[in-house]
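Asks: Once you've had a glance at the structure underneath, I'll fire off some questions.
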């Protein structure tokens, strides 16, 4: 078997991935693949991206030893990779800067994107403002209502927000709508996909741009501990912060990889978003992957307290890692997530995003079972300021 | 020769084009589809295209999206739509093509899907999100069951890709008239005529060429046939009638038949 790091091969991670899109898009996707292959080899592109990542987005983000939390649990040492400290408050900026620079080199002036909670929309608006591009963001009308602040943030940043009224009016429908826009305006428009999902080459190029997370933490961890961590933990919706964390370690089998999905009200309640844990193979949003669907192949609606994980599919590389058992996928319920959100806030003075709190919840359980000289790195994919209201509501606190 | 090939050949001999009429199976309720199909055929549709409703139809505009929602809410399943095709085939010699997104086919298993389709007499299948590169197992299964695989070509399709698509397509080549999603449009674009003229040298003598997306009026149909296409595909215009007259079936069937008749007239050589 080939090294895991060498995938995708012909656009596929094993059998997962591929390009299941309307014929109209095939030329544009081919053009994108070629343009990306070119910039990948181009030192001037990489230099420009590094400039923006460090000078503008504030990279490298710290790798912080969460000593208080570690002591409280009394197991493995827990480190946090602080993506919440990146500009915009989440790892999303790594991808949007990379793709916006790519779009600019391709001569595209109009950028479209989808967003669920608004984090990717905001990160797209930020990157486009910085690079002088026009951003238009599709967002489900239901999500717009739940995330009013992010809608206003995007507008402040100069983006146009289009409400999506179709289907369940959430993330998956805003992706559908972005695809429809793209087939209509293919010559002028670049579709800036927000996670490691969609047709090839998106899962690959988003992974590459997010791998800055894993590459940095590898170096930082070596400097602090002179070894590799025993386990990496990250939350999985589409799965971009997790793949960005895992990818540089995929060919180091001594490092355990754990992805944590949203179990919502519990897997058995059917109100969750655990595509890997409870879904089956399907073809959705251009890729063959695990997806939540009914027996007829209709895509199901999902539930999670964190809008960022509220997606019925998952990146094809995760499906591949699951099938190979290279990564293990678990899940955390809304309740466990809120408890972890509170614990990290109290113990460390860090308010994590609800998405990332899923990873924290699992890491706390895992640490308890591990030895004190063992180590875990949790990717804290975003900050939780945006979630304070939701958490208060969940706890029945009036603010 | 397949029924579909025969239809195109017969029309060509008369100098006419084919009218392919699309409706979403199960819209607004499963029991409507046989009567809707009947009305379209009575109006003169040469080939009937029935859609399997899908939860996430990314190639469709608002009209067919809404039809999919109505059909799904009424409990329509892929098996039911194949059964509806079977009902039509029992009574008419009109070829029936199934349009479906790939996931319902994948979920059922491509072999099982085609065996079932064949058992109901389905003549061909169109999958708008399955490009030829991903279609190997699908084509094999279709071939072994004797069902045509209709592939799509678009304005962005290069001549090189077109050659490959023409090799894979059977029954007809489905030409997407313009950049965009399905939905009725006001006017036929000049670029659609140019597109037909670019594609014709690759299809003529090999496979019929039919044009869809945005075709809703008799004058569009006439223009497309005059440009040299072998057929036109009309969907959203029929679906709009279904939506508008949901509560008055008699009126719905009348209007469907009338539109089909007008469109059919426009595809004839004397039109």
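Asks: Students often check this: by mean Cβ neighbours within 10 Å, which of B:84-95, B:103-114, A:346-357 ranks highest, and how do the rest follow?
Replies: Listed from highest to lowest mean packing, they are A:346-357, B:103-114, B:84-95.
Asks: What is the mean number of Cβ atoms from other protein chains located within 10 Å of the Cβ atom of each residue in peptide A:177-189, rounded to a whole number?
Replies: 4
Asks: Any idea what the relative contact order of chain A is, in percent, if you count C-alpha pairs under 8 Å spaced at least 6 apart?
Replies: Relative contact order here is 20 percent.
Asks: Here's something else I'd like to know. In whole angstrom, note down how far apart the Cα centers of segment B:92-152 and segment A:57-129 are.
Replies: After rounding, the separation between the Cα centres reads 43 Å.
Asks: So for chain B, averaging the separation of alpha carbon pairs under 8 Å that are six or more residues apart and normalising by length, what relative contact order in percent results? Write out the running numbers ahead of the final one.
Replies: Working: 534 pairs, mean separation 64.6, N = 271.
Across chain B, relative contact order equals 24 percent.
Asks: Of the beta bridges DSSP finds with both residues in the protein assembly as shown, what % are antiparallel, to the nearest 5?
Replies: Of the beta bridges lying entirely in the protein assembly as shown, close to 20 percent run antiparallel.
Asks: May I pose another question? Ignoring everything except DSSP H segments at least 4 long, calculate the 222 nm mean residue ellipticity for the protein assembly as shown; use -39,500 (n - 2.57) per segment, divide by total residues, nearest 500.
Replies: It comes out at -14000 deg cm²/dmol, rounded to the nearest 500.
Asks: Give the relative contact order (percent, whole number) for segment A:51-202; include only Cα pairs under 8 Å separated by 6+ residues.
Replies: 21
Asks: What whole-number distance in Å separates the alpha-carbon centres of segment A:23-41 and segment B:10-59?
Replies: 36
Asks: First check a/c for chain A, with a ≥ b ≥ c the square roots of the eigenvalues of its C-alpha gyration tensor; if it is under 1.5, answer rounded, and if not, answer prolate when a/b is larger than b/c or oblate otherwise.
Replies: Since a/c stays below 1.5, the shape of chain A is classed as rounded.
Asks: To continue, here is another question. Could you give the nm distance between label points at residue A:105 and residue A:141, where each point is 7 Å from its Cα heading toward the beta carbon?
Replies: Those two pseudo-labels are separated by 4.1 nm.
Asks: Enter the mean number of other protein chain beta carbons within 10 Å of the beta carbon of each residue in B:75-86, as an integer.
Replies: Partner Cβ neighbours, averaged per residue: 1.
Asks: Using a 10 Å cut-off on Cβ to Cβ distances, tally the other chain neighbours for every residue of A:13-26 and report the average as a whole number. Spell out each step's value before the answer.
Replies: Values: counts 0, 0, 0, 0, 0, 3, 5, 12, 7, 12, 19, 14, 6, 10.
For this peptide, the per-residue mean of nearby foreign Cβ atoms is 6.
Asks: Please work out the Cα center distance from segment A:247-294 to segment A:341-399, rounded to the nearest Å.
Replies: Each part's Cα centre sits 20 Å from the other's.
The numbers here are math on the coordinates, done by the rules we state, and not lab data. Keep in mind it's a predicted model, so treat the numbers as computed, not measured. Cβ coordinates were reconstructed from backbone atoms using ideal geometry, including for glycine residues, and neighbour counts include every protein chain displayed.
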